[in-house]
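Scroll down for the structure; my scribbles are underneath it.
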Amino acid sequence: MFMNRMKLSAVLAATLIAVSLIPVTASAQAPRSPVAPRRELVESVVREAYDKFKGETSGKNADYIPYLAQVDSKLFGVAIVTADNQVFTLGDVNYSFSIQSISKVFTLALAMEELGPDKVFQRIGSEPTGRPFNSVAAVVDMPTHTGNPLVNAGAVATTSLISGKDANERWGRILAFYSKAAGETLTLIEDVYASEAATNAGNKALSMLLAKYERIYADPFESVDIYTKQCSVGVNASQLARMGATLANNGMNPASREQVIKREHIPYILATMTMAGLYDSSGYWAWHVGLPAKSGVGGGIVAVVPGKGAIAVFAPPLDEAGNSVKAQKVIQFVANKLDFNLYSPASVGLK
């Protein structure tokens, strides 16, 4: 049954599943893409994908962060937010999970807002490392040392670029920016932060390597702490989809109509997501799905369909690369059914 708002608790949502299309007034709508699919088709495909993959049991929760190992592995939510602010949801879309590495995309966007894309590229780079996201060897071997903003070393260095008179101001600036992209006030999940802060020696080591190569731009450990906080921000699938839709809508939040990110910065952000958004599976993803996307070890993935909207899926069990198993399958299914592929002529209406 379709509902105007999903107001079920996480427990009820696990048993009483519904799809919702949240209508918007004409004044709040962005111009509709001429090749966006009909809403009835989107609803049907989302339901089909949810039913097809809800029984998927492969993968396992991330366990190197103790908190994440305890998250209910059966949680599963799907949300689509379009560029004209239509919202489609199914499953556990109100459960707040930690954004983890998806945060890297939006800290990159904030750094570009403050410094411009050329300076960020000069100081961070945007090259795929071909190594795990937390690789020490990549920092040593790559000429840029940071690699790109979506691996841990590059992400910590990007966080160190954010302005502020002290750590609290820099952290506040990051959290406020995420909230603007989501169109709602986001908060830190304190238990996640405590769990990560107790186990982030690897990122501290990366920060000191960056300092050796003069590729970090604030106090190394302070930067790691802020980075740990940004990864511990709570989002639900609906909020994450709206953050993705802000990218899809030329940087304008489709709900609030606020220009959160300069439109000229969007291509750089989406290009970086394409090259490194799914860790070691980024090439597979570009080949089979063809959408800029970013995953997080908390179980979320957001995929951006430029000009049309974004798909966000939350399901905690991960594959060996650190990407949600269910989320990948759902997004690939939906993208293929709806001709959402950046590299396909069908995505712009050519059959």
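Of everything in region 110-126 that is acidic (D, E) and within 23 Å of G172 (Cα to Cα), the residue that is surrounded by the most Cβ atoms within 10 Å (Cβ to Cβ) is E113. Residue count for region 151-179, restricted to those that are among the small types (G, A, S) and within 17 Å of M112 (Cβ to Cβ): 7. In region 185-229, the residue that is nearest to T146 (Cα to Cα) out of those that are in contact with a strand residue (DSSP E or B) (Cβ under 8 Å, 6 or more places away or on another chain) and in a helix (DSSP H, G or I) is K229.
The residues of region 225-260 that are surrounded by 20 or more Cβ atoms within 10 Å (Cβ to Cβ) and either free of Cβ contacts under 8 Å to residues at least 12 places away in the same chain or polar (S, T, N, Q) (or both), listed by number, are T228, Q230, S232, N236, S238, Q239, T246, N249, N253. Please give the number of the condition S135 fails out of (1) within 18 Å of the chain's Cα centre (by Cα); (2) free of Cβ contacts under 8 Å to residues at least 40 places away in the same chain. Only one criterion in (1) within 18 Å of the chain's Cα centre (by Cα); (2) free of Cβ contacts under 8 Å to residues at least 40 places away in the same chain is unmet by S135, namely (1).
If I go through region 50-60 residue by residue, how many of them are in contact with a strand residue (DSSP E or B) (Cβ under 7 Å, 6 or more places away or on another chain) and under 21 Å from S238 (Cα atoms)?
In the first step, residues of region 50-60 are kept if they are in contact with a strand residue (DSSP E or B) (Cβ under 7 Å, 6 or more places away or on another chain); the result is 50, 59-60.
If we keep only those that are under 21 Å from S238 (Cα atoms) as well, we get 50.
Here the count works out to 1.
Pairs are defined by a Cβ separation below 7 Å, a sequence spacing of at least 6 or placement on different chains, a first member in region 152-176 that is without any contact (Cβ under 8 Å) to a residue 24 or more places away in the chain and over 14 Å from L108 (Cα atoms), and a second member that is in a helix (DSSP H, G or I) and of a type in the set (D, E, K, R); the pairs so defined are G164/R170; G164/R173. T57: assigned to a strand (DSSP E or B) and either of a type outside the set (A, V, I, L, M) or crowded, with 22+ Cβ neighbours inside 10 Å (or both), yes or no? So T57 fails the test. So which residues in region 134-161 are crowded, with 24+ Cβ neighbours inside 10 Å and in a loop (DSSP other than H, G, I, E, B)? Matches in region 134-161: T146, G147, N148, P149, L150, V151. Determine, yes or no, whether A194 is among the hydrophobic types (A, V, I, L, M, F, W, C), on the phi < 0 side of the Ramachandran plot and in the same structural domain as V313 (by TED's automatic domain parsing). Criteria not met by A194. When T82, T107 are screened for being of a type in the set (V, I, T) and within 15 Å of the chain's Cα centre (by Cα), only T107 passes. Of the strands (runs of 3 or more DSSP E) entirely within region 254-351, those holding at least 1 residues that are over 24 Å from S96 (Cβ atoms) occupy 300-305. Would you point out the residue of region 100-131, among those that are assigned to a helix (DSSP H, G or I) and charged (D, E, K, R), that is nearest to G283 (Cα to Cα)? Only one residue tops the list, namely K104.
Flag set for E114, criterion: of a type in the set (D, E) and touching a Leu at 6+ places or on another chain (Cβ under 8 Å). Exactly one residue out of E169, E196, E222, E190 is buried (at least 22 other Cβ atoms within 10 Å of the Cβ) and among the charged types (D, E, K, R): that is E196. Only residues that are over 23 Å from P132 (Cα atoms), touching a helix residue (DSSP H, G or I) at 6+ places or on another chain (Cβ under 7 Å) and free of Cβ contacts under 8 Å to residues at least 60 places away in the same chain were counted in region 187-204, giving 1. Within region 179-234, the residues that satisfy the criterion of being in contact with a Lys or Arg (Cβ under 9 Å, 6 or more places away or on another chain) and of a type in the set (A, V, I, L, M, F, W, C) are A181, A182, L188, A197, L209, A218, F221, V224, I226, C231.
The values are calculated or read from the model by the stated rules, or taken from the named source; none is laboratory data. These numbers come from a predicted model, not from an experiment. Ideal geometry is used to build each Cβ from the backbone, glycine not excepted, and the neighbour counts take in all protein chains shown.
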